[in-house]
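The structure under discussion appears below in the form of structure tokens.
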Amino acid sequence: MKLVLGLLLVALSSVSLAANSDEDASRYSKIVKELKAMETNHPGLAKFFSIGTNDEGTELYALRVSTSPQSMDPSKVGHFVVATHHGNEGGSTLFAMEFLKDLLKRYQTDELYKSNLAQMEFTVLPVLNVSGFNRNSRYEHGQDPNRDYPGPCQDKSTGKLKSIRTLMEFMGTRPFAAAVTAHGYIGNFTYPWGFYTDNNNTLDENRYREVFKKVAEVNGYSYGNAGDAIYPANGTYEDYVYWKHGSWSLLLELRNGSAKDVAGTVPAIARYFDLIDSSPSSKNQFTANCTRHQGPDLRRE
Ligand SMILES: [Zn+2]
């Protein structure tokens, strides 16, 4: 009887595992469907496309929004949003989708020509870490994706994840004036440098501070330099894009990822793209010294 019960339990638990994985697989599929629907509903403004694949061969789908979305137009000001480096930060995925909805709405109002939206080209990648998102896990193949980028003080091997190599390659396909990376949950906006160095200030500290102050006024988040505002960490996307390409980099830490939090943050990020320079920085060189870090990675951004 015990054996029968045991077998029954094993059978039941494998049924529930199978049900879970099916349900999880649909979490990314649901986002992909929503992106496709945005293209279908706005063919003149939105293009659904893949930036490439991850280790599983899964396509990493993005949406390009512009007045000529069918192909990338380097004569426009390029802006980029990536969410869900960490698969357990679903608020960041929600943010990316709500940002897209709002953006498409704004493209259909007279704001399009009153502001500089018509000169811009947005690319939004809502889910970078697909397997983590489907399992609600921070990690991808046991790696923290937001420690897998090269940087001036990075002494570990990088680009272990194909998703990260794919994104790095994509970031080189055109100049991106600004790049936003969405995470949770602290409730702040930060800018480089965020790695281990004896001086967190970039040569653009004053410019960053000036813009971030105005962005933070929109939703009341705090702001500052990442190394000061949160624990330092090597190998992050937010440092990489600025260091490598000069893209004006904003790390969004949602407060709690609720619908209300996200709704209040979408206009703050819209303001960031409106205020920030229309070309990448040329003062993005790292000029200070790296410092060595021995302890555990305490950053949980
Ligand atoms: Zn995160």
(request) Would you please list the contacts, defined by Cβ atoms under 8 Å and residues six or more apart or on different chains, that run from a residue in region 148-168 that is assigned to a helix (DSSP H, G or I) to a residue that is acidic (Asp, Glu)? (result) LYS162/ASP55; SER163/ASP55; SER163/GLU140; ILE164/ASP148
(request) Kindly provide the set of residues from region 50-103 that are out of contact with any Leu (no Cβ under 8 Å at 6 or more places or on another chain) and part of a strand (DSSP E or B), ordered by number. (result) GLU59, ARG64, VAL77, GLY78, HIS79
(message) Of the conditions (1) within 15 Å of the ligand (Cβ to nearest atom); (2) surrounded by fewer than 19 Cβ atoms within 10 Å (Cβ to Cβ), GLY220 satisfies every one except a single condition; which number is it?
(response) (1)
(request) Please enumerate the residues belonging to region 109-121 that are closer than 26 Å to LEU167 by Cα and either surrounded by fewer than 20 Cβ atoms within 10 Å (Cβ to Cβ) or without any contact (Cβ under 8 Å) to a residue 60 or more places away in the chain (or both). (result) LEU117, ALA118, GLN119, GLU121
(message) Consider region 252-278. How many of its residues are closer than 17 Å to LYS213 by Cα and either in a helix (DSSP H, G or I) or in contact with a Leu (Cβ under 7 Å, 6 or more places away or on another chain) (or both)?
(response) 12
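Of all residues in region 33-52, which are hydroxyl-bearing (Ser, Thr, Tyr) and in contact with a strand residue (DSSP E or B) (Cβ under 6 Å, 6 or more places away or on another chain)? Lay out the reasoning, then the answer.
Within region 33-52, the subset hydroxyl-bearing (Ser, Thr, Tyr) is 40, 50.
Result: SER50, single match.
I'd like to check something: does region 279-298 contain any residue that is within 16 Å of the ligand (Cβ to nearest atom), part of a loop (DSSP other than H, G, I, E, B), touching an Asp or Glu at 6+ places or on another chain (Cβ under 8 Å) and of a type outside the set (Asp, Glu)?
Step one: list which residues in region 279-298 are within 16 Å of the ligand (Cβ to nearest atom), which gives 297-298.
Restricting the remaining residues to those that are part of a loop (DSSP other than H, G, I, E, B) gives 297-298.
Those still in the list that are touching an Asp or Glu at 6+ places or on another chain (Cβ under 8 Å) too: 297.
When the remaining residues are screened for being of a type outside the set (Asp, Glu), the result is none.
No.
Where a number appears in this text, it was derived from the coordinates with a stated rule and is not lab data. Note that the structure is predicted; figures quoted are calculated from it, not measured. Positions of Cβ are generated from backbone atoms using ideal geometry, with glycine treated the same way; all protein chains shown enter the neighbour counts.
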